[in-house]
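A short write-up of the structure that comes next.
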Amino acid sequence: MTARYETDAHVMGNYGERPLTMVRGEGVYLYDAEGRAYLDFTAGIAVCALGHAHPVVTQAIADQAKTLIHCSNLYQNPWQNRLAARLAELSGLGKAFFCNSGAEANEAAIKLARRFAWQNGEPDRTELVSLPGGFHGRTFGALSITGKSKYHEGFHPLVPGCATPPAWDAVLEAITERTAACFVEVVQGEGGVHPVPVEVLQAIQARCRETGALLVVDEVQTGVGRTGTFFAFEQAGLEPDIVTMAKGLAGGVPIGAVLASDRVAEAFTPGSHGSTFGGNPLATATALAVVGVVSDANFLAHVREAGAYLRQRLEGIGTEVSGLGLMYGITVPDAKAFVAAAAEAGVLVTAVGETRVRFVPPLVVDRVHIDEMADRLAGVAARV
Ligand SMILES: *Cc1c(COP(=O)(O)O)cnc(C)c1O
């Protein structure tokens, strides 16, 4: 290989400057091209639920790659069927549709909500409501329900009929008889790791029921054990009509899922939606392995315990610590400078806003790693 393949000169510039090149991972550690080890509190943006190179995940991938990687949705495959059944058991929502990312899952949820209204003789029920501070992805529909103007720059006009009121209490008034669905996150991850108060979520659910709008809970980041229960909506006492998933579901193999009640799922009649890769044997077999580990009661208890300890240790590192399970944000004077200084100190974290830094370690993180992280980051906020 010549040197020019070692730079990102031919990769589009949308990710900005990236000084580090990662080549290997093991457990809670990532290793760069120079062989330097980093404690990974990004987990590939809340994706690597079981850390890097977890034996259960690598075995599932290897076994499946030897058996069948892909066969399209022209045919059933047993792994997709089993994963759908397991997610139905865990969510109480009887049907699943599989795709390949979070944005795609939300895109499918938008289409499902629209089509559900249309099929029920309400073709004018087309509007979508979402929360300020929320994030639902970068494709056009998902972008249009993401109320952050920075992400919209240069992409107007967006999908019509999408409303993101300026404040959480204004969301209730925005939900009307013309609303097809309201999208919420239980903890707004990209928005700065801010839990949405349970009373707000409950009021939104009640307003959805009152107006006939569907409640969609975006669990792309919060799902698969991240918040200490398999789904975050369990802790908010919600009964969503639709749940979207992605990130941690297959531990790093691309996958997305839309779960819906039997009643709502009926709107996806044959030919109404699809995905070539969605639910392929490799992704779903890997997801089955990940879900098998994460849905265990002892594992979820570990997430809650390690999370409580992480929260405690973060108190000394930044201010306004908030989050749930193993998903936290802190406020620092300058998030970008903090992230760079943390990497210098051997800890990987991500900026979510000018002054917010996110900690989403692999769910297998333990006290030893959390202590090492806290020791390495001691005093970093004061220096940036
Ligand atoms: C990351 C994220 C998405 C988008 O997922 P992609 O896989 O990047 O398309 C959507 N919703 C939430 C809550 C997310 O955190």
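Just one residue in the set A53, A49, A37, A65 is in contact with a Pro (Cβ under 7 Å, 6 or more places away or on another chain), under 30 Å from L348 (Cβ atoms), touching a residue at least 24 places away in the same chain (Cβ under 8 Å) and not charged (D, E, K, R); that residue is A49.
Reported count of residues in the stretch 130-150, each being at pLDDT 95 or above, of a type in the set (S, T, Y) and away from the ligand (no atom under 11 Å from the Cβ), is 1. When Q59, Q64 are checked against the criterion of being over 28 Å from L310 (Cβ atoms), in contact with a helix residue (DSSP H, G or I) (Cβ under 6 Å, 6 or more places away or on another chain) and more than 16 Å from the ligand (Cβ to nearest atom), a single residue qualifies: Q64. For the stretch 50-83, a tally of residues being within 24 Å of the chain's Cα centre (by Cα) and buried (at least 19 other Cβ atoms within 10 Å of the Cβ) returns 10. Just one of the listed residues (G251, G237) is in contact (Cβ under 8 Å) with a residue 24 or more places away in the chain, among the small types (G, A, S) and either within 16 Å of the ligand (Cβ to nearest atom) or crowded, with 24+ Cβ neighbours inside 10 Å (or both), and it is G251.
Going residue by residue through the stretch 295-311, is there one that turns out to be closer than 29 Å to I204 by Cβ and either free of Cβ contacts under 8 Å to residues at least 40 places away in the same chain or in contact with a Cys (Cβ under 6 Å, 6 or more places away or on another chain) (or both)? There is at least one residue in the stretch 295-311 that is closer than 29 Å to I204 by Cβ and either free of Cβ contacts under 8 Å to residues at least 40 places away in the same chain or in contact with a Cys (Cβ under 6 Å, 6 or more places away or on another chain) (or both).
If the condition is being within 22 Å of T139 (Cα to Cα) and either small (G, A, S) or within 17 Å of the chain's Cα centre (by Cα) (or both), then the stretch 272-293 contributes S272, G274, S275, G278, G279, A283.
Rundown of residues vs (1) of a type in the set (F, W, Y); (2) surrounded by 15 or more Cβ atoms within 10 Å (Cβ to Cβ); (3) under 20 Å from the mean Cα position of the chain (by Cα), yes/no style:
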{"residue": "S322", "(1), (2), (3)": "no, yes, yes"}
{"residue": "T331", "(1), (2), (3)": "no, yes, no"}
{"residue": "E344", "(1), (2), (3)": "no, no, no"}
{"residue": "V349", "(1), (2), (3)": "no, yes, yes"}
{"residue": "L363", "(1), (2), (3)": "no, yes, yes"}
{"residue": "A374", "(1), (2), (3)": "no, yes, no"}
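Within the stretch 13-41, the set of residues being among the aromatic types (F, W, Y) and more than 21 Å from G251 (Cβ to Cβ) comprises Y15 only.
Of the numbered criteria (1) under 20 Å from P160 (Cβ atoms); (2) in contact with a Phe, Trp or Tyr (Cβ under 8 Å, 6 or more places away or on another chain); (3) within 16 Å of the ligand (Cβ to nearest atom), the one R115 fails is (3).
A single entry from T229, T244, T222 fulfils the requirement of being among the polar types (S, T, N, Q) and away from the ligand (no atom under 16 Å from the Cβ): T229.
Among the numbered conditions (1) surrounded by 18 or more Cβ atoms within 10 Å (Cβ to Cβ); (2) among the basic types (K, R); (3) within 18 Å of Q221 (Cα to Cα), the only one that R304 does not meet is (1).
For A181, the conditions (1) part of a strand (DSSP E or B); (2) within 11 Å of the ligand (Cβ to nearest atom) all hold with the exception of (2). Inside the stretch 184-219, residues that are more than 16 Å from the ligand (Cβ to nearest atom), in a loop (DSSP other than H, G, I, E, B) and either of a type in the set (V, I, T) or over 21 Å from K111 (Cα atoms) (or both) make up a count of 1. Among the residues making up the stretch 186-200, a single one is buried (at least 22 other Cβ atoms within 10 Å of the Cβ) and without any contact (Cβ under 8 Å) to a residue 60 or more places away in the chain: Q188.
Taking only the stretch 226-271 into account, find how many residues are within 12 Å of the chain's Cα centre (by Cα), in a loop (DSSP other than H, G, I, E, B) and closer than 23 Å to Q205 by Cβ. Result for the stretch 226-271: 4.
Considering (1) within 15 Å of the ligand (Cβ to nearest atom); (2) at pLDDT below 95, the lone condition that A170 does not fulfil carries the number (1). Only residues that are out of contact with any helix residue (DSSP H, G or I) (no Cβ under 7 Å at 6 or more places or on another chain) and not aliphatic (A, V, I, L, M) were counted in the stretch 90-122, giving 13.
So, in the stretch 168-185, exactly how many residues are over 14 Å from the mean Cα position of the chain (by Cα), of a type in the set (D, E, K, R) and crowded, with 18+ Cβ neighbours inside 10 Å?
0
The values are calculated or read from the model by the stated rules, or taken from the named source; none is laboratory data. Because the structure is a prediction, the values reported are computed rather than measured. Note that each Cβ is placed from the backbone with ideal geometry, even for glycine, and that neighbours are counted across all protein chains shown.
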